[in-house]
Amino acid sequence: MSGHDSKYFSTTKKGEIPELKEELNSQYKDKRKDAVKKVIAAMTVGKDVSSLFTDVVNCMQTENLELKKLVYLYLINYAKSQPDLAILAVNTFVKDSQDPNPLIRALAVRTMGCIRVDKITEYLCDPLQRCLKDDDPYVRKTAAICVAKLYDINAELVEDRGFLDALKDLISDNNPMVVANAVAALAEIQEHSSKPVFEITSHTLSKLLTALNECTEWGQVFILDALSKYKAVDAREAENIVERVTPRLQHANCAVVLSAVKMILLQMELITSTDVVRNLCKKMAPPLVTLLSAEPEIQYVALRNINLIVQKRPTILAHEIKVFFCKYNDPIYVKMEKLEIMIKLASDRNIDQVLLEFKEYATEVDVDFVRKAVRAIGRCAIKLERAAERCISVLLELIKIKVNYVVQEAIIVIKDIFRRYPNTYESIIATLCESLDTLDEPEAKASMIWIIGEYAERIDNADELLESFLESFPEEPAQVQLQLLTATVKLFLKKPTEGPQQMIQVVLNNATVETDNPDLRDRAYIYWRLLSTDPEAAKDVVLAEKPVISDDSNQLDPSLLDELLANIATLSSVYHKPPDAFVTRVKTIQKTEEEEYPDVSESYSESPAHAAAPGASSPATTSNVPSSAGRPQPAAPAPVPDLLDLMGMDNSSAIVAADPITPTGPPLPVVLPAATSQGLQINAQMIRRDGQIFYSMVFENNSQVPLDGFMIQFNKNTFGLAAGGPLQVPQLQPGTSASVLLPMVLFQNISPGPPSSLLQVAVKNNQQPVWYYNDKISLSALFAEDGRMERTTFLETWKSLPDSNEISKEFPTFVLSSIEATLDRLAAHNMFFIAKRKHSNQEVLYLSAKIPRGIPFLIELTAAIGVPGLKCAIKTPSPEMAPLFFEAVETLLHN
Amino acid sequence: MISQFFVLSQRGDNIVFRDYRGDVQKGSAEIFFRKVKFWKEDGKEEAPPVFNLDGVNYFHVKVVGLLFVATTRTNLSPSLALELLQRIARVIKDYLGVLNEESLRKNFVLVYELLDEVIDFGYVQTTSTEVLKSYVFNEPIVVDAARLPTLGPAALFMQGNKRMPGTAVTKSVVANEPGGRKREEIFVDIIEKISVTFSSSGYVLTSEIDGTIQMKSYLTGNPEIRLALNDDLYIGRGSVPHYGYSGSSGAGAVILDDCNFHESVHMDNFDVDRTMSLVPPDGEFPVMNYRITQEFKPPFTVNTLIEEAGSLKAEVILKIRAEFPSSITANTILVEMPLPTYTTRVNFDLERGIVGQNADFKESQKKLEWSIKKIVGGSEHTLRAKLNFSQELHGNITKEAGPVSLTFTIPMYNPSRLQVKYLQIAKKTKTANPYRWVRYVTQANSYVARI
C-alpha cells in the first residue's frame, strides 16, 4: 500500500470507508439501509469494500426484506474472500430458513447456495432438506435449484444426503414451477454425473407432458429440452408425444417454439405413417416462418436452425421460399443466412423468381453480401441443370456492369460451372477475357488462369494472355503461381509451338529455382520430369478428363446433420458444430478413450471417398483443380524412382509408427491374395495394443519388380476408423516381405446407416494399380481398457435398460472346458469379469465391456462345463451393435 | 444455463453486471465489447447475435442503444437466451417507466433485485412483471421521461400525434402518480409492420404484414378483459371456407397465415365468436402476434424514372402517391435511394408549398434522402433530382442506382383490416369507467421499390 491509496480516499475528511462504517452502525434503520446501498454501489463499480464485511453482516438481522436482500447480495460477492468472517452469517441464515415468511426462507437457501465456502455449505444441508419439503411452492422451487448449486460445489454431499431422491420426488409436485426447476436441476446433475440420475421413463414422460400445459413459458423450455432425450418405444408412442407437444408451436415465446420443433423432429424419426409425417410437416411450417417476424437476433437463430431442417426435410418449407427473400433493412448476418436457405430451396419451379432476387442483391452496396449473391447464382447453376443457362446469362449481365468485385466473383463461379458442365458454355470465354486486366484477387485470378489453360485450344491468344501474367510470376500469391504453372504446361501440351515452349522454360525455372515454396517446386519438378521423359504420358496425366463436380459445398455430412438435428434449439445448431466441439466445461465423466489419442497430422489428404471409387483417384485429376488450396496431392505417379524423394517431403515430419518386428500372435489372415493382385499379398488384422488400435499388416512381394511408395486409405465405416499416420513400408524387393503396425484413429469418416463390420481398404504403390479389398472390423479391438463396471453399477444399468435392449445368441458348438481359461482370454481383450453364479448345472458369468463413445455392453454367458452350447445374452443402450458384438465374441471364444 | 448477464452502454461501459455461476471470467464484458466493436477489421460488418470466443458463448441484443448480453459455457438454447434478454429489457422498462443508461444507473439496486428473481443459478424463473411484483420491494426512482427516447412500439405514438396521451406509456407500472391517485386505463395497440417489394414495373412481388396486438394495463384489481376481433377472421391459409373468400383484396375475410398468443390468453370462445379473454398481467406484453401474406393494398405507390442526360448527367424523378383515405395522415416519411458511386453532385427541385420537406445527397454513402413530415391520404408528391457524375456511364444506370426504400408511420390505419371490435372490462369496482385506448398504427418494415 503506497501513498497513492490514501490519496484516493482523501476526498472527504474521514475517507469513504470509515464514513460508510459509521453509517452502517447507525442507530437509525433508514440510515443503515442507505449505507448498505452505497456499499453495493461501490461494489458494482469495482471498488473494494470487503473491509466492511463485519459491519454489513451486522445489518443482516432485520425484518426489512429490502435491506436483507442487499446484505445477501454483498455476502455472495465477498464471502469467498472472507471465509472466516462468513461464518458470522451462518446463524442468521439458518434462522432465516425457518422464518414464517416464505420469501425469507427461500432467500436464505438461495443465498447460501451461492456462497461457495465449505463451512457455509456444511450448514446448508439441513435447511435445504427442510425447504425441499416446504409448504410454499416458492420455497420448494428455490430449493430445487439449490440442489444443483450444491451438486456443483460438492456432488458427494448431494448423493449422500439423499437430495437426488428428494429432487426426483419434486417431479410429481403439484406446482408446475417446482416441477420445471426440479427437471432443470436433474438435467444439469445428469450432465455431470456418470451414473444414471435422471432417466426418463414412460411414467415420468406422461407426468412431464401434463406439467407442460401448466408451466410458465421458461419451464416449458426446460421440460421440452429434458424430454428430447427420451426415445419413444414405438411409432404409436411417438405419435402420442407429438400430439401433446404440437400445441406448443403456437406459443409466443420463440424458445418454446424451437424446443417443440426439436421434440417433434426427433419423434418424427420413429413415425412410420407418411400421412402423419406429412401432416406434421404442414403444421411446423407456419410457426417456423413466424419466427422470422421476431427480432433480427431471433431470426438469425431461427434461420440457422431452418438451414438444418431443410437439409433433412426439404418439403417442410419447399413452398415458402418467398419468406426468405432479403429485406433491405435486414442485418447482414440475417441476409447471409437467408441466401443460404434460398439456395437450398431453389428448384426448377421457383428458379426464375430466385434469380431475379439474386440479381437484385448483386447490385446492392454491401460488398460481402453482393459477393455471396453472385456465388449463389453460380451454385444454383451447378445444382439445377435445367436452369444453368439462365443463371449464366444473369452472371454475364452482372459482368457487364463492370463492378470489380462482382466480375471477380462471377469468374470464380463460372470456373465451377465449367467443371460441372464441361464443353457446354465455353462460348462465353471471350466475354470473360475482356475483364482480364481488372482482376486483382488471387482466387479470381487463379480461376481465370485455370479457364485459359483448360481451354487453351479454343482461345486464339491464350499464349499472350498467359504471358501477360507471367511477368509478375514471382510476386503472385502461391495459389496463382500454381495455376499459372499448370496452365502453362497445358498450353504447351496443347500447342507445342515456340512461344509456349519458351514460356514453359521461364515458368519451370521460376517455379523450381527461384521459389522457396515446396508445393510449387514439387509440382514443377514433376511436370519437368514428365515432359522430359515422356511427353505422351504427360498428356495423359495433365490433360486427363476431370470428374464432374456437384454442389456439395455447405452440405453437411449426414451423420453430422443427424447429430445437429438432435441438437436443434441449442447453440450447436447455430454454430453447426457438435456440442463437444465448443463446450469446454470440465465434466466429471471419465474421458472416453478416443479423446486420448494424439492429434495426427493430416498428411494424407486424399479424400477417402475418392480412394474407394475406382478410377476417381487417377492421379491426373488432382493437381488440376484450381480450388484445391495450394497443396499438390502426393498421388502423382512417378515413372522415375528418384522422384520419390520429392514426394516424401510432405510426409517426412509425420509420425512414424512402423514396427520392424513381426507382430507376435497367430498369423494374420490373408486379405489380399497374391493371385489377384499381380503378386502382392497382404495379410492384415485389426488389433489392440496398450489401449491403442492398430492395423497390423504384412506385405509380401511375389512379383518380379521392387515395389515402393505404399499408401493406404480406408473408406467410410461405422466407427470412422482411419489411418492415424502415413503407411511406412520400405521398398519391397521381389520375394521379400515387411510387416507394419499402422496406428488407427476413430471417428474420422463415419458411414451412415446401420452398424457394419465391413472395412473397405484401398492400397496402392508406385508400380501397380490401386488394390481394393474388404476386411472386417473386429469389435474386440475396440473394447476399452476402462470397460470394467462396478457390481452395483452393473446391476443398476442392467435394470435401467429396457428389456427391448436385451439380445441373445446361442453358440451351439462351443464347449466351455475351463471357466478360468475362458475368463482370462476374454479379459485379455478387455471383457471384464464381474460375477458368476450357478444355475442348476449351468454356470452363469457376468461381464462388462465398453466400446468408444462410452457405449457399455452388459454380458451374461450361460453354459454347462463340458457340454456343447453357450448362450450369450447382452444388454446395451446400442442394441444395433449386437451383431458385431456376437461376431467378436464368437471369434474370441473359438480362438 | 446462463453464467452472466450484463448491460453495456454504447461506449462499452458496464452499467449492470451480474454473475450467476462463476464459471466465466470476470473480464468477459470487456472481451465481448472489443470483439463486437471490431468484428471485421473494417468495422462494417455486424457481429452475429450469438458467437463463441475461447469457450465462452456470448448472446446479445440491442435495445434502445444498450447492449443486453448473456454468457454461458454450456450448449444452451440460444432462442431462450435471446428471448430472455428482450424480456429482461421489457421488465426493467415496466418497472422504471423509461429504459436508458440514466434510469438503469439511478435504479441499480432495484435492477439487481429484479435480476435475482428473474434468474437463479442461471435458470430463468420468471419474466412476468405481474409475478415479480410479489417478490420485489425496491421502489423505482423515476427519471424525467419527456426528454428521453423510449423503448419499443410505444415510441411510435410520440411523433406528432395529439390524440395519444404521450406520457402514459412511459410511466412505471409500480410507481404511483405524483398525485398519489392511479389513473385507471388500459392501452391496446394494434401495430402492423409491413414489408412490400415492388418490381421495376410497379407490381407487388412480395408483401407481408407482421402484426402485434400489444397491451399495457394500469387497471387496479386485475379485472378480466374480453377482446373481440373481426368475425371474418381465419387462421391458416387452408382454413378459409371457399364460399366466403372472394380471392381478391378489398372485400373478404382477414386471413392470418399464422398467429400465437400470450400465455394469459384464454381461447375458449375464439373459434365460436373470435373473442379472447384474459386477465392482463401488469406491464407491457403482446396479446397476440400474427402474420399475413394475403394481398393488401400498399399504402404508398412509388414511381421512379431515371433518364440519362448526356454522358456525365442523369435526371431522377421520384413520385410517391398515398393510397389511403384523406382522413388519414402518414408521418415522418423518408425516401432513400442509393446512387451510382461516381455521383459527385445532386441538384434538387422540390415541389413548392409543402411544409417540412427536405432533400439531401449523402455524399459519403452516395445516397439520396428525401424526407417529408406529413402526407395526407390521396395526395401525390414528386421530387426531381439532377445527378452529376465524375465518369461516363457504363450503360445501364438502373443497375447501379436504387432500389428506392421508404420508411413511414401511419397512425390509425392498418392494412390488414384486423380490428378490435370491442374491449370489455369486467367491472369489479364502483369507480368510473376506466380509460380504454385502442390504437392502430402501421409502420414500414422493408418497403422497397426496385427500378
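Would you mind telling me which numbered condition in (1) open to solvent by less than 10 Å² (accessible area, probe 1.4 Å); (2) hydrophobic (A, V, I, L, M, F, W, C); (3) over 23 Å from residue B:142 (Cβ atoms); (4) under 26 Å from the mean Cα position of the chain (by Cα) residue B:67 fails?
(1)
Write out, first by first residue and then by second, each pair whose Cβ atoms fall under 8 Å of each other, whose residues are 6+ apart or on separate chains, and whose first residue, in segment B:93-118, is under 21 Å from residue B:2 (Cα atoms) and within 14 Å of chain A (Cβ to nearest Cβ) while the second is open to solvent by less than 10 Å² (accessible area, probe 1.4 Å) and among the aromatic types (Phe, Trp, Tyr).
Short answer, once both residue conditions are applied: B:110/B:95; B:114/B:95; B:115/B:5.
Buried (at least 19 other Cβ atoms within 10 Å of the Cβ), touching a residue at least 60 places away in the same chain (Cβ under 8 Å) and at the interface with chain A (Cβ under 10 Å from one of its Cβ atoms), is that true of residue B:76?
Yes: the conditions hold for residue B:76.
Could you please find all residues in segment A:48-77 being within 13 Å of chain B (Cβ to nearest Cβ) and either open to solvent by 30 Å² or more (accessible area, probe 1.4 Å) or part of a loop (DSSP other than H, G, I, E, B) (or both)?
A:62, A:63, A:64, A:76, A:77
Please identify the pairs in which a residue from segment A:152-177 that is open to solvent by less than 50 Å² (accessible area, probe 1.4 Å) has its Cβ atom under 6 Å from the Cβ atom of a residue that is basic (Lys, Arg), counting only partners at least 6 apart or on another chain.
Pairs that qualify, where the first residue is open to solvent by less than 50 Å² (accessible area, probe 1.4 Å) and the partner is basic (Lys, Arg), are A:153/A:116; A:177/A:141.
If you go through segment B:194-207 one residue at a time, how many are part of a strand (DSSP E or B) and either more than 9 Å from every other protein chain (Cβ to nearest Cβ) or open to solvent by less than 30 Å² (accessible area, probe 1.4 Å) (or both)?
The qualifying residues number 8.
Those residues that are outside any loop (DSSP other than H, G, I, E, B) and either within 12 Å of another protein chain (Cβ to nearest Cβ) or among the β-branched types (Val, Ile, Thr) (or both), I need them from segment A:353-371; list them, please.
A:353, A:354, A:356, A:357, A:359, A:360, A:361, A:367, A:368, A:369, A:370
Out of curiosity, is residue B:154 under 20 Å from the mean Cα position of the chain (by Cα) and either modelled with pLDDT of 50 or more or at the interface with another protein chain (Cβ under 10 Å from one of its Cβ atoms) (or both)?
No, not satisfied.
Of all residues in segment A:315-339, count the ones that are open to solvent by less than 10 Å² (accessible area, probe 1.4 Å) and either in contact (Cβ under 8 Å) with a residue 60 or more places away in the chain or charged (D, E, K, R) (or both).
Residues flagged as open to solvent by less than 10 Å² (accessible area, probe 1.4 Å) and either in contact (Cβ under 8 Å) with a residue 60 or more places away in the chain or charged (D, E, K, R) (or both) within segment A:315-339 amount to 1.
Given (1) part of a strand (DSSP E or B); (2) open to solvent by less than 30 Å² (accessible area, probe 1.4 Å), where does residue B:414 come up short, assuming only one miss?
That leaves (1) as the condition not met.
Please report, ordered by residue number, the helices (runs of 4 or more DSSP H) entirely within segment A:249-348 with at least 3 residues that are in contact with a Ser or Thr (Cβ under 7 Å, 6 or more places away or on another chain).
It comes to A:254-268, A:296-312.
Can you tell me how many residues within segment B:278-303 are part of a strand (DSSP E or B) and either within 14 Å of chain A (Cβ to nearest Cβ) or open to solvent by less than 20 Å² (accessible area, probe 1.4 Å) (or both)?
Adding up the residues that qualify gives 13.
Which residue pairs have Cβ atoms closer than 8 Å, lie 6 or more positions apart in sequence or on different chains, and pair a first residue in segment B:327-345 that is open to solvent by 50 Å² or more (accessible area, probe 1.4 Å) with a second residue that is among the polar types (S, T, N, Q) and assigned to a strand (DSSP E or B)?
Filtered contacts from segment B:327-345: B:332/B:371; B:332/B:407; B:332/B:409; B:344/B:388; B:345/B:388.
Quick one: would you say residue A:499 is under 30 Å from residue A:403 (Cβ atoms) and in a helix (DSSP H, G or I)?
So residue A:499 does not fit the description; no.
For the condition free of Cβ contacts under 8 Å to residues at least 24 places away in the same chain and open to solvent by less than 80 Å² (accessible area, probe 1.4 Å), what is the one hit in A:517, A:509?
One residue alone meets the criteria, A:509.
Suppose we keep only residues that are modelled with pLDDT of 90 or more and touching a Leu at 6+ places or on another chain (Cβ under 7 Å) within segment A:486-502. Which one would you say is farthest from residue A:464 (Cα to Cα)?
This residue is A:493.
Among residues belonging to segment A:81-117 that are more than 9 Å from chain B (Cβ to nearest Cβ) and basic (Lys, Arg), point out the one that is surrounded by the most Cβ atoms within 10 Å (Cβ to Cβ).
This residue is A:105.
Test each condition in (1) within 12 Å of chain B (Cβ to nearest Cβ); (2) in contact with a helix residue (DSSP H, G or I) (Cβ under 7 Å, 6 or more places away or on another chain) for residue A:172 and report the one that comes out false.
It fails just one condition, (1).
Can you find even one residue in segment A:342-358 that is of a type outside the set (D, E, K, R), in contact (Cβ under 8 Å) with a residue 12 or more places away in the chain, open to solvent by 20 Å² or more (accessible area, probe 1.4 Å) and more than 30 Å from residue B:407 (Cβ to Cβ)?
Taking every residue of segment A:342-358 in turn, at least one turns out to be of a type outside the set (D, E, K, R), in contact (Cβ under 8 Å) with a residue 12 or more places away in the chain, open to solvent by 20 Å² or more (accessible area, probe 1.4 Å) and more than 30 Å from residue B:407 (Cβ to Cβ).
Can you pull out every residue in segment A:815-838 that is under 16 Å from residue A:856 (Cβ atoms) and in a helix (DSSP H, G or I)?
A:826
Does residue A:388 fit the bill of being farther than 21 Å from residue B:399 by Cα and either more than 32 Å from the chain's Cα centre (by Cα) or within 13 Å of chain B (Cβ to nearest Cβ) (or both)?
Criteria met by residue A:388.
The values are calculated or read from the model by the stated rules, or taken from the named source; none is laboratory data. Just so you know, these numbers come straight off a predicted model, no measurement behind them. FYI the Cβ positions are ideal-geometry reconstructions off the backbone, even for glycines, and counts take in every protein chain you see. Quick note on the areas: whole protein, heavy atoms, side chains included, nothing else; ligands and nucleic acids left out. Shrake-Rupley method; radii C 1.70, N 1.55, O 1.52, S 1.80 Å.
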